[in-house]
Each structure stands twice: as C-alpha cells, then as structure tokens.
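Only one structure is covered here, and it is reproduced in the block below.
The values are calculated or read from the model by the stated rules, or taken from the named source; none is laboratory data. Remember, it's a predicted structure, so these values are computed and weren't measured experimentally. We place every Cβ from the backbone using ideal geometry, glycine too, and count neighbours over all the protein chains shown.
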Amino acid sequence: MGKNLVEKILKAHLVEGTLEPGNEIAIRIDQTLTQDATGTMAYLQFEAMGVDRVATELSVSYVDHNTLQDGFENADDHRYLQTVAAKHGIHYSKAGNGICHQVHLERFGRPGKTLLGSDSHTPTGGGIGMFAVGAGGLDVAVAMGGGPFYLTCPKVVKVNLSGKLKPWVAAKDVILAVLEMLTTKGNVGTVLEYGGEGVATLSVPERATITNMGAELGVTTSVFPSDAVAKAFLKAQKREQDWIVLEADTDATYDRVIDIDLGSLVPRVARPHSPDNIATVKDVAGTKVDQVMVGSCTNSSFRDLMIVASLLKGKKVHPDVSFGIAPGSRQVLEMIARNGGLADIIASGARVLESTCGFCIGAGQAPRTDAVSVRTSNRNFEGRSGTKSAGIYLTSPETAVASALTGKITDPRDLGIAYPEIAMPAEFWIDDSLVLPPSERPESITIYRGPNIGDPPKGEPLPDTIKGIVAIKVGDKITTDHIMPAGSRLKYRSNIPRYAEFVFEALDPDFSKQALENKKAGIHNVIIAGLSYGQGSSREHAAICPMYLGIKAVVAKSFERIHAANLINFGILPLIFANEADYDSLNAKEQIEISSIRAALQKGTDLTLRTAGGKAIAVTYSLSLRQKDILLAGGMLNYTRSRSG
C-alpha cells in the first residue's frame with residue numbers, strides 16, 4: 001500500500017511509537033524557530049536544562065512581535081535573545097528582518113524536514129513541504145536540546161484541489177472555504193494534506209497562506225507536496241540545493257478526502273469574531289469600513305504586496321479609511337522599493353508599517369471605537385485588535401484593497417478593472433546580514449539579563465487531592481488571548497509574577513488577585529470551560545501564569561492540542577467532562593474536590609469531581625503514560641530533571 005506525504009515524513013523521523021492514528025509517537029526535529037514573545041521563556045527553559053549547544057540542524061530566534069520598544073522591557077529581552085543565541089548555537093534574526101514564518105519560508109525552509117516552532121502559525125512551512133508544527137516554548141526547548149517531540153499520530157485528510165482560481169479569487173479564499181467546511185473545532189489530531197491537479201496552479205506563497213491559516217482549524221499542521229513549483233521558488237531564493245521531490249504515492253490512502261474545485265470559489269470573508277464565521281464578500285458588501293490592514297504572516301509576501309501595489313497605482317485610498325501595509329520581510333520591502341511598487345503604495349495614501357506582526361497581535365494600529373477593520377491577518381478574536389468593540393473582517397489582499405479604495409466592503413470583482421497578473425520573480429533580492437550566526441567563541445559570550453527577566457517558575461508535584469474552588473467558569477472557544485492577553489501586555493512575558501496579573505482580565509478583572517489569594521490560603525483553583533478551550537496562539541504563558549496563580553486543573557468539554565500540551569508541561573491537569581451536560585451544573589465560586597488523583601492516573605481509571613452541595617460529576621482524561629509521569633512530577637522541567645539526574 002502506498003504512503004501519503006505525511007506518512008513519508010513521519011516515518012523518516014520516527015523515534016518512538018508506531019504510525020497508527022491515535023497513538024503517541026515521538027519524532028526527531030530538524031529545525032526550530034522561536035519569536036520574541038515566546039522565545040524568552042523558551043530559552044530560559046533551555047538554559048535551565050543545562051545544555052551547552054543546540055542539537056538541531058538549525059535553530060533560529062526571530063524578533064518580530066515586540067518591536068514596539070515601549071519601556072525598557074522589550075529592548076532588554078531582545079538583547080537577552082541575541083546573547084543567548086550567540087552562546088548556544090542559534091541564528092538570530094534581528095528586528096526589522098521580518099516575520100518569522102515569512103523569513104523562514106524564504107531563507108530556511110526545506111522540503112521533507114521537520115520544523116517545531118513556539119508559534120501556532122509555524123505550519124506556514126507546510127507550504128514548501130515541511131512537517132511544521134506549532135508548540136509551547138518548553139517543547140521547543142526540549143527539541144533544541146536534542147529531545148524528540150511527542151504528538152498524537154494524526155489522521156490524514158486529503159484536500160483534493162482541482163481547477164484553477166479565477167481572477168480576483170485568492171489563496172485566502174481557499175482556506176476560508178476550508179474553514180467554512182471544517183470550522184475551528186473538532187479537528188484535533190488531524191493533518192491536512194493538499195493534493196490534486198490544482199496544486200500546481202498555486203505558488204509557494206499562496207500555498208503558505210493556506211497552511212498558515214490551517215492553524216485556525218485546530219489541525220496539527222497542513223502540508224503541500226514539494227514539486228516543480230517549490231523547486232522554482234527555492235531556485236529563485238538561491239537555495240535550489242535544498243529542494244527534494246516529495247509527493248504522495250498514487251495509491252496512498254487517507255482517512256477522508258475533501259474535494260475543492262478552485263474554479264468554483266468566490267471571494268470570501270471571515271466575519272467577527274471567529275475565523276470560521278464565513279460569508280461571501282457579496283453577502284456583506286456595502287458595510288462601511290474604517291480601517292484596512294494588509295500584512296501579517298498570512299498575506300505579506302512579494303506576490304501579495306505587488307497585487308496591492310498594482311491595484312493602488314494611480315488611485316487614492318478613500319478619505320474615511322485608515323490604510324496600513326506591513327511587508328512580511330525585509331526581502332519583500334526591498335524588492336517592492338526597487339521595482340516601484342512601494343512608491344505606488346505611498347502615493348495612494350497608505351501608511352507603510354514595519355515588517356513585523358504588529359496589528360495582527362494588537363501591537364499598534366488599534367481601530368477606533370466600534371470600528372469595522374478589514375484585515376488580511378489570520379485571527380479576528382474579540383478584542384485581539386486592541387479595541388474590544390471593533391469588528392474585524394478577514395479577507396484576501398484583493399478584497400482588502402477594494403475596500404480601502406471604496407470605503408466599504410467590496411467584492412474586488414466589482415472594481416471594473418483588469419486583474420493584475422503577478423509573476424513570481426526568477427530571482428529574489430537576498431541579503432541575510434540581519435541574520436546573525438552564532439558565535440564561534442561561545443565561551444566569550446556573557447548572556448545579558450535585564451531586570452524584567454526572571455527564572456521560569458517551579459512546578460509542584462500533582463496533589464493526590466485537589467480541594468478548592470471554581471475560580472472561573474468560561475464558555476466555548478476560549479482562546480489563549482482570553483486567558484493571557486497579547487498586545488502591550490506582552491512586554492512582561494519574561495516576568496511571570498507581573499504577567500500573571502493579567503490572566504483572564506478581559507473576562508474577570510479580579511481573577512488574578514483572587515486566584516493568588518486562594519493559593520496563599522492553600523485553596524486550589526480550578527477552571528471550568530466549554531468546547532475547544534485554548535484556541536489560538538501557542539503562547540505557553542496561558543499555562544505558566546495560571547500555574548503560578550495556583551490553578552491545578554482545567555475541566556472542559558474539549559481542549560485544543562497545543563494548549564492541552566502546555567497545561568501538561570506545567571503540571572495542570574486537563575480533564576474532560578464524561579457527560580458534557582454536567583458543565584451546566586457547575587458554577588463559579590463553587591467548592592469542589594477531586595480525590596485519589598495520583599492512583600487513578602497510574603491505574604488509568606476515571607475521576608470524580610464532587611461539589612460541596614453533593615453533586616458527583618464524572619471526569620475523564622486523554623493522557624499517555626509519559627504525560628501522566630510529567631503531571632505527577634509537576635511539569636516537564638521537573639520530569640526532565642528527574643530523568644537526567
């Protein structure tokens with residue numbers, strides 16, 4: 001029986017387990033990436049392991065999130081990242097070089113390799129044939145130290161693409177169509193593998209847009225084959241030697257096949273406040289627009305911005321629209337500057353922003369009160385833009401520019417102009433001078449630590465009895481932004497006691513203070529949640545800070561993959577309602593008790609949550625033997641130390 005693309009990569013990297021969906025497996029990691037919002041803690045954890053040099057083929061530390069140096073904290077952390085990279089064998093991409101996923105695709109991505117990144121949009125690398133997975137920083141630190149990455153062997157769903165996109169329909173519309181079909185929940189433990197004759201019609205940047213937003217589906221990753229299109233892209237990046245052919249066997253099997261005729265698609269939009277709240281652009285056309293933002297790791301490639309420049313040439317942005325454009329990398333910015341595209345963008349009245357994540361994570365460009373903001377980024381969670389009352393609509397660059405020109409959401413097919421055909425360049429402009437290689441004399445490097453940088457908090461062994469209180473009850477689709485806000489708060493990411501002050505601040509401003517008081521009084525804190533708890537970012541602070549506040553367990557209807565792994569890594573027990581209806585019977589501030597936990601985990605038996613009022617609620621879990629040992633030890637760091645000592 002033939003193998004699909006995912007099986008081929010996993011088999012070549014398998015360290016432990018068998019390739020049967022649902023089994024825990026361990027794979028060797030070839031490359032890692034971090035970004036500055038998650039990287040500081042990842043490297044502090046790496047240092048805590050006592051490893052002198054990274055064991056991967058390549059590890060890159062990017063600065064792309066917190067480049068707004070509001071106060072000393074971000075600048076101090078960047079200096080820490082630069083020195084720790086120089087000392088421990090890591091390449092360092094300076095602020096201004098671009099967004100990690102865009103730069104990695106351009107300069108480092110290699111078909112057939114595994115990539116683990118401390119950012120949930122690491123699957124962008126699947127656009128060039130990598131098995132690229134987002135994870136918490138601690139998992140990345142372990143991989144840098146030479147340890148394998150553990151995951152559930154995934155089911156593989158083939159997305160069979162036929163036909164060709166019509167003018168004004170973009171790769172963004174492809175992934176929005178997939179989100180419309182599969183939604184943001186229920187896809188844990190799945191990988192999407194794209195195939196079919198339509199694949200050859202999509203450039204690598206278009207493929208990367210599709211794999212990037214696969215993160216919103218909750219899948220482990222998404223992968224495209226490595227074909228002649230990938231070879232041409234790498235050749236244009238002067239990296240043809242990195243190319244290999246990688247494709248599924250003709251008789252490969254899949255758990256499911258989804259057919260999409262590219263020629264049948266129309267421009268789509270994700271309405272507030274979820275990436276799967278899909279409509280056609282025609283459905284919402286005419287909605288007044290206050291702000292348009294083009295960029296992020298989803299749609300900021302050379303091709304994307306040349307589409308934008310071509311549509312803006314000789315035109316002016318609507319006077320009521322604030323329009324900003326952020327190139328994804330220094331390479332993209334330099335190329336559109338050299339060919340005149342940047343001049344057309346500037347002449348239109350657009351604002352040119354730094355090559356960073358910026359507006360996507362709420363770090364600047366917050367829209368006005370009650371604004372409608374059309375963006376090419378990947379998430380539109382409530383409040384993520386920095387303005388809670390704003391409505392964020394996710395679209396393609398084509399639709400975004402059409403809306404910027406008219407002042408209302410506009411189907412780009414209604415502009416009445418010819419669609420610009422943008423050819424991929426035969427050769428990209430290349431200057432890697434902002435990527436600093438590690439020091440050849442690591443012993444001479446002194447790691448810089450500013451006053452905002454602290455040690456990773458230490459976990460405690462899992463108690464046999466959790467006796468405490470429901471510290472908060474939350475609903476479905478709670479994201480890591482709800483748990484641990486981004487934006488201006490990110491500058492405290494290296495200072496856990498300070499950052500923990502903002503846990504759940506958008507849902508309950510008093511949560512942190514009360515949870516800490518409970519902890520000091522010896523009262524355990526428990527979170528009750530609905531479906532898909534922990535959507536969104538790989539931000540492990542959404543587990544570290546709750547651990548610091550004394551959270552011992554989260555009981556939910558279901559969890560998203562990365563966040564569940566992060567909870568385990570930091571000693572928080574992820575429990576699942578055996579009967580989802582029991583969620584309704586629990587209330588915030590209710591006293592609860594879960595007893596005989598350690599024995600139950602060792603035996604593999606379910607647990608019972610009991611309330612002071614006498615209710616008995618069955619709760620279960622989905623944990624491997626390794627994950628149970630991590631929890632019993634009080635988290636991954638304790639577990640790793642115990643095994644190495």
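Scanning the stretch 58-73 for residues that are at pLDDT below 95 and buried (at least 24 other Cβ atoms within 10 Å of the Cβ) yields a count of 2.
When the helices (runs of 4 or more DSSP H) confined to the stretch 1-117 are screened for residues that are touching a residue at least 24 places away in the same chain (Cβ under 8 Å) and more than 19 Å from the chain's Cα centre (by Cα), those reaching at least 3 such residues are found at 5-13, 36-48, 73-88. Checked against the criteria, Phe149 counts as among the hydrophobic types (A, V, I, L, M, F, W, C) and over 16 Å from the mean Cα position of the chain (by Cα).
Restricting the search to the stretch 511-527, which residues are of a type outside the set (A, V, I, L, M) and surrounded by 15 or more Cβ atoms within 10 Å (Cβ to Cβ)?
At the first step, the residues of the stretch 511-527 found to be of a type outside the set (A, V, I, L, M) are 511-514, 517-520, 522, 524-525.
The answer is Phe511, Ser512, Gln514, Asn518, Lys519, His524, Asn525.
Would you check if Leu115 is aliphatic (A, V, I, L, M), closer than 28 Å to Gln237 by Cβ, buried (at least 24 other Cβ atoms within 10 Å of the Cβ) and in contact with a helix residue (DSSP H, G or I) (Cβ under 8 Å, 6 or more places away or on another chain)? Here the answer is yes, as Leu115 does meet what is asked. Against the numbered list (1) hydrophobic (A, V, I, L, M, F, W, C); (2) under 24 Å from Asp431 (Cα atoms); (3) in contact (Cβ under 8 Å) with a residue 60 or more places away in the chain, Ala215 comes up short only at (2).
Could you please let me know if Glu216 is under 30 Å from Arg413 (Cβ atoms), at pLDDT 95 or above, touching a Leu at 6+ places or on another chain (Cβ under 7 Å) and crowded, with 20+ Cβ neighbours inside 10 Å?
Values: under 30 Å from Arg413 (Cβ atoms): yes; at pLDDT 95 or above: yes; touching a Leu at 6+ places or on another chain (Cβ under 7 Å): yes; crowded, with 20+ Cβ neighbours inside 10 Å: yes.
Considered against the rule, which asks whether it is under 30 Å from Arg413 (Cβ atoms), at pLDDT 95 or above, touching a Leu at 6+ places or on another chain (Cβ under 7 Å) and crowded, with 20+ Cβ neighbours inside 10 Å, Glu216 comes out as yes.
Across the stretch 359-402, the qualifying residues are those that are charged (D, E, K, R) and closer than 25 Å to Arg413 by Cα, and the one among them that is surrounded by the most Cβ atoms within 10 Å (Cβ to Cβ) is Glu398.
Here Val257 passes the criteria (1) surrounded by fewer than 21 Cβ atoms within 10 Å (Cβ to Cβ); (2) part of a loop (DSSP other than H, G, I, E, B) except the one numbered (2).
Of the residues making up the stretch 2-22, just one is closer than 17 Å to Lys113 by Cα and among the acidic types (Asp, Glu), namely Glu7.
Checked against the criteria, Ser93 counts as buried (at least 24 other Cβ atoms within 10 Å of the Cβ), touching a strand residue (DSSP E or B) at 6+ places or on another chain (Cβ under 7 Å), over 23 Å from Glu193 (Cβ atoms) and of a type in the set (Ser, Thr, Tyr).
Checking each residue in the stretch 126-183 for being polar (S, T, N, Q) and closer than 25 Å to Leu10 by Cα picks out Thr152, Asn160. Residue check: is Thr611 farther than 25 Å from Glu216 by Cα and in contact with a strand residue (DSSP E or B) (Cβ under 8 Å, 6 or more places away or on another chain)? The answer is yes for Thr611. Candidates in the stretch 356-371 are the residues that are at pLDDT below 95 and touching a strand residue (DSSP E or B) at 6+ places or on another chain (Cβ under 7 Å); of these, the one that is nearest to Pro485 (Cα to Cα) is Phe359.
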